[in-house]
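The values are calculated or read from the model by the stated rules, or taken from the named source; none is laboratory data. Not measured: the values here are computed from a predicted model. Positions of Cβ are generated from backbone atoms using ideal geometry, with glycine treated the same way; all protein chains shown enter the neighbour counts.
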Amino acid sequence: MNIHEYQAKALLRDYGAPVSDGRVVLKAEDAKTAAGELGGPLWVVKAQIHAGGRGKGSFKEAEAGEKGGVRLAKSVEEAAEEAKKMLGRTLVTHQTGPVGKQVNRIYIEEGSDIDRELYLALLVDRQTSRVSFVCSTEGGMDIEEVAASTPEKILSFSVDPATGYMPYHGRRIAFALGLEGAAVKQCVALMGTLYKAFVEKDMEMLEINPLIVMPGNELKVLDAKLGFDGNAMYRQRDVAELRDTTEEDPKELEASKYDLNYIALDGEIGCMVNGAGLAMATMDIIKLYGAEPANFLDVGGGATKEKVTEAFKIITSDPNVKGILVNIFGGIMRCDVIAEGVIAAVKEVGLQVPLVVRLEGTNVEKGKEIIATSGLNVIAADDLKDGAEKIVKAVKG
């Protein structure tokens, strides 16, 4: 689960991290009042969407010469005007894709004097199963670009959970970033604060880009992006309340209500599979035969007829879907349950695209019989290869 920048900064502020004072604006008429509560002489107006690259992004409705989703203002009136220009419009960045995201929230904060821009992140390193620090002197840039062009400027190391964060971790980061004097001591304390927040709040990612060095050798968190483990939200009630469902794909949101593992993709063949590994293999073989998957969908091992019905309805709600491949290996999941769910869903929402069903495992013959006697135009497949070939052929003509 992701949250907005202003929410991330509020959370980090509660832990003691240095962040600028700011105000969130939801309505254009409140922008001037919000800006007036902050001291000048510089205001920063930021579009709030769940995507990076806002400063370099562009609005679909932009006029010639207009700037991106992060703008500077030199008066309260100018800050309010910039906020009004962005609210309700669609911002396109390299992370949103061409569709973009509508800006429903604006964050206005005090400007900061910047001597240097640095990069810092905490991540879950899946290779070591530990929390890792990543830092670079090249702040304000995409870390992927830095990794590709100057990888030697990135320091990455993991923290042993037996000891947790230690001051020498902070000093290692400070020296790698070229900090001096009071900034070193502040860095050691700040890294401990961030590590504590990361662990206690079940984060998957904490990215600060940039972390700035100000005149007087002081550090400040200028931008913050936090991602949380969705499976841990039952014990992070305060974080769960920050969820902005308008930033999420409606189909993914609907799937979560039924405990379905669904991720929307850009292809034309919808997939309904049981088991994450089989779902990945199904998407791979669809690509192998020349098409693209429209989604990742794992109905799980204990899916009911009702859950399968909802899964099918979610797939067919995607206008990009030109064909559907159901690929079930019945272990805990029974093939007849899948078959009944598919039939129920088709009868409820209709079938406007080709449907290929491959069943194998527990009660497979019963499942095939249910589909064969349903009277529906369903294409049977003998195995995964056969199923992929048939659905791609049906879609591609």
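Leu376: assigned by TED's automatic domain parsing to the domain that holds Leu260, crowded, with 20+ Cβ neighbours inside 10 Å and not basic (Lys, Arg), yes or no? So Leu376 fails the test. In the set (1) farther than 14 Å from Gly270 by Cα; (2) crowded, with 20+ Cβ neighbours inside 10 Å; (3) of a type in the set (A, V, I, L, M), the condition left unmet by Val357 is number (1). Contact annotation: residue pairs with Cβ atoms under 7 Å, 6 or more positions apart or on different chains, pairing a residue in the stretch 123-141 that is outside any loop (DSSP other than H, G, I, E, B) with a partner that is basic (Lys, Arg), are Ser136/Lys153. Return yes or no: is Ala224 surrounded by 15 or more Cβ atoms within 10 Å (Cβ to Cβ) and under 30 Å from Val346 (Cβ atoms)? Judged against the criteria, Ala224 is not a match. Screening Gly375 on (1) outside any loop (DSSP other than H, G, I, E, B); (2) small (Gly, Ala, Ser); (3) out of contact with any Leu (no Cβ under 7 Å at 6 or more places or on another chain); (4) farther than 22 Å from Ile269 by Cα shows it passes everything except condition (1). In this structure, does Pro210 turn out to be touching an Asp or Glu at 6+ places or on another chain (Cβ under 6 Å) and of a type outside the set (Ser, Thr, Tyr)? The answer is yes for Pro210. Look through the stretch 253-282, keep the residues that are outside any helix (DSSP H, G or I) and of a type in the set (Gly, Ala, Ser), and return whichever of them is nearest to Gly361 (Cα to Cα). In this case the residue turns out to be Gly275.
Of all the listed residues (Gly350, Gly290, Gly301, Gly330), the sole one being surrounded by fewer than 17 Cβ atoms within 10 Å (Cβ to Cβ), more than 27 Å from Gly230 (Cα to Cα) and at pLDDT below 85 is Gly350. Of Leu155, Leu118, all but one fail to be hydrophobic (A, V, I, L, M, F, W, C) and free of Cβ contacts under 8 Å to residues at least 24 places away in the same chain; the exception is Leu155. For the stretch 23-47: of the residues being of a type in the set (A, V, I, L, M, F, W, C) and part of a helix (DSSP H, G or I), which is nearest to Val103 (Cα to Cα)? Once the filter is applied, the top-ranked residue is Ala28.
Would you check if there is a residue in the stretch 70-81 being part of a loop (DSSP other than H, G, I, E, B), outside the structural domain of Glu207 (by TED's automatic domain parsing), crowded, with 17+ Cβ neighbours inside 10 Å and at pLDDT below 95? The answer is no; no qualifying residue exists.
Of the residues making up the stretch 272-323, those that are closer than 15 Å to Val353 by Cα and β-branched (Val, Ile, Thr) are Ile314, Ile315, Thr316, Val321.
When restricted to residues that are farther than 23 Å from Arg13 by Cα, among the charged types (D, E, K, R) and in contact with a helix residue (DSSP H, G or I) (Cβ under 9 Å, 6 or more places away or on another chain), the stretch 223-248 contains 1. Just give me the residues in the stretch 143-161 being part of a loop (DSSP other than H, G, I, E, B) and of a type outside the set (Ser, Thr, Tyr), in sequence order. Listed by number, the residues that qualify are Asp160, Pro161. Counting only residues that are assigned to a loop (DSSP other than H, G, I, E, B) and either polar (S, T, N, Q) or not assigned by TED's automatic domain parsing to the domain that holds Ala28 (or both), the stretch 86-110 holds 4 of them. Scan the stretch 298-352 for residues that are of a type in the set (Val, Ile, Thr), touching a residue at least 60 places away in the same chain (Cβ under 8 Å) and in a loop (DSSP other than H, G, I, E, B) and the total you get is 0. Condition check: closer than 15 Å to Val273 by Cα, in the same structural domain as Val326 (by TED's automatic domain parsing) and modelled with pLDDT of 85 or more. Does Val342 satisfy that? Judged against the criteria, Val342 is not a match. Within the stretch 283-297, the set of residues being assigned to a loop (DSSP other than H, G, I, E, B) and not small (Gly, Ala, Ser) comprises Tyr289, Glu292.
Only one of the listed residues (Asp284, Asp266, Asp249, Asp244) is among the charged types (D, E, K, R) and surrounded by 15 or more Cβ atoms within 10 Å (Cβ to Cβ). That residue is Asp244. The number of residues in the stretch 311-323 that are crowded, with 21+ Cβ neighbours inside 10 Å and not β-branched (Val, Ile, Thr) comes to 3.
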